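Have a look at the structure below before the remarks.
The values are calculated or read from the model by the stated rules, or taken from the named source; none is laboratory data. Remember, predicted model here, so these are calculated numbers, not experimental data. Quick reminder, even Gly has a Cβ in these numbers, built from the backbone with ideal geometry, and neighbours come from all protein chains shown.
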Ligand SMILES: Nc1ncnc2c1ncn2[C@@H]1O[C@H](COP(=O)(O)OP(=O)(O)O)[C@@H](O)[C@H]1O
Ligand SMILES: [Mg+2]
């Protein structure tokens, strides 16, 4: 239920943009059951993007604080994003990273400043187009997934954008292939593992063939294998722009090409090669710790250490 509300929130923002935006369960001409008649399975990768010169999104002097809060999270922030860019935003909890992403997809609105989408002021009537171009993967899959089965969840987006059932199914299968969930079509969504739900969230967005994707903490709470798998999907299988917010430096370093932090309400570029320390753990124990000096310091991966 929460997922449904969130999904609706994405498609039908309650924020006061000027014109209403339509949203409902998919208004397909064909019954949803048609989804269960599989077309030929496809393994085609996502189509390459055309080169574009106008930025997809531009923020100019944007400021934001939540109603009733004295804290200005974003302050005179300028930002430009083109579909080819792969941007990472890093920083500890509470900085406003999620809020920034919500602003980009119109879930919250600037107190001051302007947002342009494809060079024109963003209005409520363009939110639907914005959100089909710029897919948003929530931090928590429960906020993204709401259908009984995997196929229904992944096909929802294409159906809602006007595809017929067979085409929606084709796109859903392709997206599931891309994230490594081929064959999961009839699985019950709420019975999937946390990692599978995360991958499924990604697939629900990819099925809509976005030009770019926003990911909120894609690596959080994942087991190492799923984290590596998601990283591989993002770096090797997707040809689209990305904005990823995360506290996970290593993930961002590998998945993105430009790195920023939010500082005093603005984005500040960071040197990707800055020296930083890592916590690590041993096979015989799983408590992350830091070796500053002494035994084990500088031991290469794979060497034994105690
Ligand atoms: N809907 C909301 N209403 C009021 N305050 C909020 C709301 N959502 C987030 N906040 C506050 O805004 C700050 C930034 O939150 P968030 O954008 O989630 O940061 P981050 O993603 O960097 O952890 C936090 O202090 C959080 O409590
Ligand atoms: Mg967050």
Quiz item: Filter region 94-135 for residues that are part of a loop (DSSP other than H, G, I, E, B) and near ligand 1 (Cβ under 9 Å from one of its atoms); which is farthest from residue 79 (Cα to Cα)?
Solution: 94
Quiz prompt | Filter result (surrounded by 19 or more Cβ atoms within 10 Å (Cβ to Cβ), modelled with pLDDT under 95 and within 16 Å of ligand 2 (Cβ to nearest atom)) within region 74-94 | solution = 90
Exercise. Give me a count of the residues in region 185-229 that are farther than 14 Å from residue 157 by Cβ and out of contact with any strand residue (DSSP E or B) (no Cβ under 9 Å at 6 or more places or on another chain).
Key: 18
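Pick from 214, 252: which is out of contact with any helix residue (DSSP H, G or I) (no Cβ under 9 Å at 6 or more places or on another chain) and buried (at least 22 other Cβ atoms within 10 Å of the Cβ)?
Every option except 252 fails the conditions.
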Practice problem: Just give me the residues in region 106-116 being away from ligand 2 (no atom under 14 Å from the Cβ) and within 18 Å of the chain's Cα centre (by Cα), in sequence order. | Solution: 106
Exercise. Collect the residues in region 233-266 that are more than 16 Å from ligand 1 (Cβ to nearest atom) and either in contact (Cβ under 8 Å) with a residue 60 or more places away in the chain or more than 22 Å from residue 199 (Cα to Cα) (or both), keeping them in residue-number order.
Key: 237, 238, 239, 240, 241, 242, 253, 255, 256, 257, 258
Practice problem: Considering (1) on the phi > 0 side of the Ramachandran plot; (2) within 16 Å of ligand 1 (Cβ to nearest atom); (3) touching a residue at least 12 places away in the same chain (Cβ under 8 Å), say which one residue 138 fails and leave the rest. | Solution: (1)
Quiz prompt | region 83-104 residues that are in contact (Cβ under 8 Å) with a residue 60 or more places away in the chain and farther than 16 Å from residue 55 by Cα, paired with ones that are within 13 Å of ligand 2 (Cβ to nearest atom) and in a helix (DSSP H, G or I) (beta carbon under 8 Å, 6 or more apart) | solution = 89/97; 89/100; 91/97
Exercise. Consider residue 169 carefully, then state whether it is farther than 24 Å from residue 88 by Cβ, modelled with pLDDT under 95, assigned to a helix (DSSP H, G or I) and touching a helix residue (DSSP H, G or I) at 6+ places or on another chain (Cβ under 8 Å).
Key: no
Exercise. Among residues belonging to region 49-72 that are assigned to a loop (DSSP other than H, G, I, E, B), surrounded by 11 or more Cβ atoms within 10 Å (Cβ to Cβ) and under 23 Å from the mean Cα position of the chain (by Cα), point out the one that is modelled with the lowest pLDDT.
Key: 49
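Just checking, does region 185-206 include any residue being within 16 Å of ligand 1 (Cβ to nearest atom), within 19 Å of the chain's Cα centre (by Cα) and within 17 Å of residue 88 (Cβ to Cβ)?
The answer is no; no qualifying residue exists.
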Exercise. Would you check if there is a residue in region 124-134 being away from ligand 2 (no atom under 16 Å from the Cβ) and over 25 Å from residue 59 (Cβ atoms)?
Key: no
